[in-house]
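**Q** Submitted below is the structure of interest, expressed as structure tokens.
Taken together, the values in this text are just the output of simple stated rules run on the coordinates, not laboratory data. Not measured: the values here are computed from a predicted model. Heads up, the Cβs are rebuilt from the backbone with ideal geometry, glycines too, and the neighbour counts pull from every protein chain shown.
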Amino acid sequence: REEFEDIVYPLVEIQGGFEKIERGKLVRTGNKLGDVKKNKAQSQALYGRYMIEDFWELFDVLEGKIDTNDNTPVNGETIDTEGNSSDDSTAASKQEEEPQQDKKSSSQLGSKITALMDIGHGIGLQVMQAGWTLDVPSRGIELMEGRHRIAEAIREGVIDELRNDPPDSTKVDLRLENLVHCVRPPPGKSERDEELRRFVLFQDKPESVQRGLVIFANNAEHVFSTRSNDKDSCDGACLDEHIAELFGNASIGGRCVTLTDIRCHLTSKDNARWYHYESFDSGVGAVSWSPVKSVAVHVLTKISDEWLCSNPNEKLQCPPSNVVNADTGRLTTECLYCGYVPLRQRQRKRRKTEIYSPES
């Protein structure tokens, strides 16, 4: 890790430092409404950076090297751990009743990371961190060409600096791609991009790699939903909903790490039997847009491929369905046997507050 920092930071300083790079046109393009012109489902792509040192800590939390079992509120959001709880009050009461060791054993944190997928990789730092320090296959996709060009330049700069003993270049794979195309057909086509879908979900890798996959998306402050989505196209689906669908198609053991909770795009908490949810505090200054605050990091772990019906009619005992439709890959939203449709978790309305922007 120290070697990575000793190489990356000087490379960035040669270009004027993070502040100059992130105020430049290559990074700023995408921050304003209308900047995204080639994607009919998205009107902007806001930029934000997770700090290198704090991303090391995120790795350590996911692999169980750091204990975060403290339930400390982060900016009004409850930091909790839950599996099949029906509501927040029930979860809270259960946490008070359960001894510490029971809460710790319910956590899904502690599994080894075997692959990383960064959706919206920006300038690529997190992909390089995972690929060259965890020594796992690490990939990223980025919509904005300028940010992708900077990421490629940093990647090549690291390889050049270590040319006498270069890192494995195949561990870091950065692509200029549109996430939507691996979920919905691109314009003018009738089918989604299956090659891109396999790339994102590491389906070209052994099952052992897929089971330790971490899908990371910096979707803080709803930048993958209400603040960037064009509701008049692409079935009105936002990027968070597409990420939720990809998570449902991941192998058991796969994890999805986000900075905005995406459970509103999954089945309700009553039906959260195929995934496990927990969250933890990023620590103060972990993100570029909120240097004096912490943010909540949300972790979903897939624990089953079975979707269980929760019809309140006790006389019905429906067989389990698949979490996703085998033909379409879409998430199951109703029971195939009785037609019962469980309510989804409501998404809390975002307060209108002044947020950080590179221009401010």
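**Q** Each residue of region 325-339 in turn: what ³J(HN,Hα) in whole Hz from Karplus with 6.51, -1.76, 1.60 and θ = phi - 60°, glycine and Pro shown as x?
**A** Ordered by residue, 3J(HN,Hα) equals 5, 5, 8, 9, x, 6, 5, 6, 10, 8, 5, 6, 9, 10, x Hz.
**Q** Would you please give the FRET efficiency between residue 3 and residue 334, computed as 1/(1 + (r/R0)^6) with r the Cβ-Cβ distance and R0 = 41 Å, to the nearest 0.05?
**A** Between residue 3 and residue 334 the formula returns 0.20.
**Q** Across bins of 5 angstrom width beginning at 0, how are the C-alpha pair distances of region 101-216 distributed, in whole percent?
**A** 2, 12, 18, 20, 17, 13, 9, 5, 3, 1, 0
**Q** For region 275-282, just list the computed ³J(HN,Hα) in residue order, Karplus coefficients 6.51, -1.76 and 1.60, θ = phi - 60°, integers in Hz, with x standing in for Gly and Pro.
**A** Once θ is set to phi - 60°, the couplings for region 275-282 become 9, 10, 10, 7, 9, 8, 7, 5 Hz.
**Q** Packing-wise, with mean Cβ within 10 Å as the measure, how do 171-179, 115-123 rank, highest first?
**A** In decreasing order of mean packing, 171-179, 115-123 become 115-123, 171-179.
**Q** Enumerate the amide H contacts of residue 275 below 5 Å, restricted to partners 5 or more residues apart or on another chain; note that Pro and chain-start residues carry no placed amide H.
**A** Placed amide hydrogens put 303 under 5 Å from residue 275.
**Q** Normalise the Debye intensity by I(0) for region 299-338, one equal point scatterer per Cα, no solvent, then take log10 at q = 0.17, 0.19 Å⁻¹ and round to two decimals.
**A** With one equal scatterer per Cα and no solvent, log10 I(q)/I(0) is -0.50, -0.60.
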